[in-house]
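First up is the structure itself, then whatever we jot down about it.
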Amino acid sequence: MPLDTSILNIYGYKITRIHGRKPLVYEARYIGKVNFPFCKSDDLRKKARFVRKLNHETIGLRRTELHLTARKYHCLSCKRYFNQRFPGILKYKRSTEAFRAEVFERHRNGHTQSYLSKSLGIGTATVERWFHDYLERKVAETKNTPCPRVIGIDEHFFTRKKGYATTICDLATEEMIFLFCSATIVALWNYWDRI
């Protein structure tokens, strides 16, 4: 029976075996094309085989590991050696990008470093470092975003308990920029101070 590879949430891999409980282990291999990272040659010779053990996204409350069968290659064109690279996994990392993104989102949503460290089996310093890495990426993504030329600010009644809500939008592109539950000038200034 073929194994469903969509459970990995990274594509181009073939699962060969699933075993274990805590952690659940996926044994897989990459089935895409191997490219030499230096000279882009296809003239490669297979050398030693090894297994990369990586932390991967959790399933419910269960930790998972991804064990990838990898190879060392020798380029016959430029005579250099290299270890196989994988999409979705950065060089020298012991975790997939999906797992690092999960740690970032959980920490951003209120999970403490100590809780993530205990439940995911990583250090608190690792949680902090990954969180800062992803914050820098988020800032880099919006760094060159053009400032809206025409801003619209409108408040409307939200609920009796919350009162009014204020919407800030870009009128040129008709996109909402921000929404917050208040209609006071102090809340507006606090919002602009944050950005």
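The values are calculated or read from the model by the stated rules, or taken from the named source; none is laboratory data. Here the structure is a predicted model, which is why all the values come from computation and not from measurement. For neighbour counting, all protein chains shown are included, and Cβ atoms are generated from backbone atoms with ideal geometry for every residue, glycine included.
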Hey, could you check the range 137-168 for residues that are under 20 Å from the mean Cα position of the chain (by Cα) and surrounded by 10 or more Cβ atoms within 10 Å (Cβ to Cβ) and say which is modelled with the highest pLDDT? 137
Within the range 94-108, identify whether any single residue is modelled with pLDDT of 85 or more, under 15 Å from the mean Cα position of the chain (by Cα) and part of a loop (DSSP other than H, G, I, E, B), and answer yes or no. yes
Residue satisfying all of: in the range 83-93; of a type outside the set (A, V, I, L, M, F, W, C) and on the phi < 0 side of the Ramachandran plot; farthest from the chain's Cα centre (by Cα) among these: 83
Among (1) in a loop (DSSP other than H, G, I, E, B); (2) among the hydroxyl-bearing types (Ser, Thr, Tyr); (3) at pLDDT 80 or above; (4) under 28 Å from the mean Cα position of the chain (by Cα), where does residue 173 come up short? (4)
With the requirement that a residue be more than 23 Å from residue 55 (Cα to Cα) and part of a helix (DSSP H, G or I), what does the range 123-158 give you? 139, 140, 141, 142
Filter the range 76-121 down to residues that are among the aromatic types (Phe, Trp, Tyr), buried (at least 17 other Cβ atoms within 10 Å of the Cβ) and more than 30 Å from residue 40 (Cα to Cα), then give me how many there are. 1
Odd one out for residue 65 among (1) of a type outside the set (Ser, Thr, Tyr); (2) more than 30 Å from residue 27 (Cα to Cα); (3) crowded, with 17+ Cβ neighbours inside 10 Å: (2)
Exactly one of 76, 66, 24 is outside the structural domain of residue 127 (by TED's automatic domain parsing), among the hydrophobic types (A, V, I, L, M, F, W, C) and at pLDDT below 85, and that residue is 76
